[in-house]
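The block underneath contains the structure these notes are about, expressed in structure tokens.
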Amino acid sequence: PAATPQWRPAFHYTPQAMWMNDPNGLVFHQGVYHLFYQYHPHSAVWGPMHWGHATSTDLLRWQEQPVALAPDVLGMVFSGSAVVDVDNRSGLGPAGSQPLVAAFTHHAMDADRAGGITHERQSLASSLDGGLTWTPYAGNPVLPNPGRKDFRDPKLRWLPERQRWLMALACGDRICFYSAADLKHWELESEFGAGLGAHGGVWECPDLFPLTGPDGRQRWVLLVSLTPGGPNGGSATQYFIGEFDGHRFTPDDTQVRWLDFGPDNYAGVTWSGVDDRALFIGWMSNWQYATQVPTAPWRSAMTIPRELVLRTGLGGQLLLASQPARDMAALKQPATLSARQTTLAQPLDLSAALAGAHGRFMLRLATPALASFTMSLENAVGERLRLGHDADSGRWWIDRRASGETAFHPAFAAQHSAPRLADGPPSTLELWFDSGSVEFFADGGLSTMTSLFFSNRPWSSGTLTAATAMPLDSIDVHPLGDAR
Ligand code: FRU
């Protein structure tokens with residue numbers, strides 16, 4: 001297929017070419033953010049999985065690196081995580097060294113063909129050169145399959161109180177927690193989730209991490225991706241908030257909650273080695289149509305890096321909110337529209353503010369009284385992306401039905417929505433537009449939607465229209481720079 005530079009994002013990571021899915025091995029080490037990912041270096045569709053690799057020192061500019069891990073006799077290299085083994089407890093480095101250790105799933109290809117179910121095992125690899133080259137451990141696999149068809153995506157975390165490593169593992173309809181002192185000898189601690197939460201699809205890519213709530217109390221957050229079964233179809237990530245005693249996770253309640261209500265944020269997890277914030281990145285696609293999106297020569301991008309925080313939402317509930325990582329602000333160029341203490345009574349013409357932004361801009365508005373409103377963006381060939389808030393249903397929405405190329409899959413041309421999860425004023429909406437995607441953060445990130453689109457020209461004109469006069473505390477539009 002012909003190359004599609006018009007859809008190459010300016011500030012979302014994409015490999016130069018070929019297929020990418022889940023983020024893997026997120027680790028911050030010696031000033032470098034590592035982003036490994038599910039990668040097929042020989043094709044633009046999913047196939048024998050490798051770990052691709054990119055690095056960044058600022059979360060904005062990413063440098064693609066050589067492939068880090070490739071299939072071997074034990075199988076394909078599926079998703080997993082990486083940590084700095086500070087005390088070399090694994091013994092995978094020479095005495096006194098601090099190896100980087102990755103845990104991943106080996107998915108055997110032959111066993112698949114034979115119809116076996118024990119084809120997923122957990123393995124290790126280590127790096128002694130700061131993550132550039134990796135050596136699979138000779139004793140792989142370190143965690144054999146106990147008889148579960150789905151047994152994958154290990155996420156490691158150091159438990160200082162127990163002086164042990166924890167592994168959260170997706171086990172079909174539940175998360176299994178294992179622990180080990182040396183990253184090699186794993187013992188089952190507990191299982192969580194059978195019959196709890198959303199189960200429209202198999203559970204994948206867990207992540208368990210502590211966060212401090214608005215009341216100063218430490219809680220634990222468990223992310224669980226599942227596909228299908230998302231709130232707007234296909235793949236999505238749910239979360240639980242609760243207690244973790246070093247052995248067992250106990251949720252505060254049984255409510256189903258979504259990290260992102262949009263269709264295009266999957267398999268996201270947080271960085272290891274970043275302790276002052278829960279720094280997250282997701283795969284910006286959906287298994288429904290990921291292999292068919294019309295980009296070439298690459299397929300798929302990551303979301304922007306985000307910070308996950310606990311906030312009080314609707315009815316006093318404790319919820320997980322997503323915000324653009326603060327580092328992203330460096331992309332903002334001088335505002336092309338900026339107003340304070342006004343009222344949206346007539347349609348507001350955004351066209352002058354968008355001109356020259358090449359489809360890359362950030363819009364933020366704050367209102368003390370939310371009405372139904374619609375933002376409509378158009379381009380020179382009449383394609384349209386609309387989004388807004390519907391006061392009757394109390395929902396935020398995005399409509400990409402007329403946004404450009406949509407015919408590659410029947411599920412793509414759709415309108416998506418998310419409930420409003422905040423009670424009180426003010427309400428905020430922050431949008432990050434790149435060539436081919438919008439990330440929608442409403443009410444400080446309590447309601448988040450991530451959505452791809454394939455418009456044939458940049459958005460060059462637009463209007464913001466409220467159903468009834470809506471007071472605006474502020475509205476700002478900033479073109480965004482190119483981080484490539
Ligand atoms: C999630 C997932 C993981 C698996 C990987 C394979 O998207 O299915 O569970 O490890 O992708 O590429």
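Laboratory data are not the source of any read-out in this text; all were calculated from the coordinates shown. From a predicted model like this one, the values you see are computed outputs, not experimental measurements. Glycine also receives a Cβ, built like all others from the backbone with ideal geometry; neighbour counts cover every protein chain displayed.
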Handout entry: residue 317 versus residue 408: modelled label distance in nm, points set 7 Å from Cα along the beta carbon direction
Key = 3.4 nm
Practice task
Straight distance only, please: which lysines reach the Cα of residue 184 with their own Cα at less than 22 Å, same-chain residues fewer than 8 apart left out?
Solution key: 149, 155
Exercise for the section: Along Cα→Cβ, 7 Å out, is where each label goes; now give me the distance between the ones at residue 329 and residue 345 in nm to one decimal. Expected result: 3.4 nm
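Note down the relative contact order for the chain as a percent, whole number, built from C-alpha pairs under 8 angstrom at least six residues apart.
14 percent.
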Practice task
Run the numbers on region 332-479 and let me know its relative contact order in percent, using alpha-carbon pairs under 8 Å that are six or more apart.
Solution key: 45 percent
Problem - Low-density loop positions, trypsin sites (Lys or Arg not before Pro), region 357-452 - DSSP coil, at most 11 other Cβ in 10 Å - result: none
Exercise for the section: Report the label-to-label distance for residue 65 and residue 247 in nanometres (one decimal), using points 7 Å from each Cα along the Cα→Cβ vector. Expected result: 3.8 nm
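May I ask you to list the trypsin sites (Lys or Arg not before Pro) in region 107-184 that are in a DSSP loop and have at most 15 other Cβ atoms within 10 Å of their Cβ?
The qualifying sites are 149, 162.
Taking a ≥ b ≥ c as the square roots of the eigenvalues of the Cα gyration tensor of region 332-479, is the shape rounded (a/c under 1.5), prolate (a/b larger than b/c) or oblate?
Oblate.
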Completion exercise
The aspartates and glutamates whose Cα lies under 17 Å from the Cα of residue 332, excluding any fewer than 8 residues away in the same chain, are 58, 430, 434, 439, 476, 482
Problem - Which of 55, 343, 14 has the fewest Cβ neighbours within 10 Å, and the rest in rising order - result: 343, 55, 14
Exercise for the section: Please work out the Cα center distance from region 35-110 to region 341-358, rounded to the nearest Å. Expected result: 45 Å
Practice task
Counting other beta carbons within 10 Å of each Cβ, put 392, 443, 260 in order, fewest first.
Solution key: 392, 443, 260
Fill in the blank from the handout: Here the gain from full extension of residue 217 to residue 42, 0.36 nm per residue of separation minus their alpha-carbon distance, amounts to 58.2 nm
Problem - Cα-based Rg and Dmax for region 5-324, where Dmax is the largest Cα-Cα distance (Å) - result: 18.3, 54
